[in-house]
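Have a look at the structure below before the remarks.
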Amino acid sequence: MAPMTGTQDTVRVLVSYSQDTPEHKERCRELADRLRGDGVEAWIDQYVPAPPEGWPRWMQQQIAAARFVILVCTPTFRRRFE
């Protein structure tokens, strides 16, 4: 998916989730796609196959750039977070 070019009115969000199952991973991508379709500059790791800076730094940069972070919390996500 091509990156969105933000404007001053665009709200940037990051969708964060755990890859519990292929179906869950797909639903989270569909959420990001839907947000983009509604004009939100949504980002999810699935849009970036392999960031050159590595995943930890990519996540830090995305969190810093986002106005909101959407956490799709499952029991697995919660355990990893804690």
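The values are calculated or read from the model by the stated rules, or taken from the named source; none is laboratory data. No experiment lies behind these values; they were computed from the predicted model shown. With ligands, DNA and RNA removed, areas are computed over all heavy atoms of the protein, side chains included. Shrake-Rupley method; radii C 1.70, N 1.55, O 1.52, S 1.80 Å.
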At 1.4 Å probe size, with every protein chain present, just tell me what the per residue accessible area of the chain comes to in Å². 70
What does the chain give for Rg and for Dmax, in Å, if only its C-alpha atoms count? 12.7, 36
Residue-averaged [θ]222 nm for the chain, counting only DSSP H segments that reach four residues, each worth -39500 (n - 2.57): -12500 deg cm²/dmol
Pop out the ³J(HN,Hα) list for region 58-67 in order, Karplus 6.51 cos²θ - 1.76 cosθ + 1.60 with θ = phi - 60°, rounded to Hz; leave Gly and Pro as x. 4, 4, 4, 5, 5, 5, 5, 7, 7, 7
When the accessible area of the chain is split by element with a 1.4 Å probe, what percent falls to carbon and sulfur? 54
Given a 1.4 Å probe and the protein chains all in place, what does the accessible area of residue 53 round to, in Å² to the nearest 10? 70
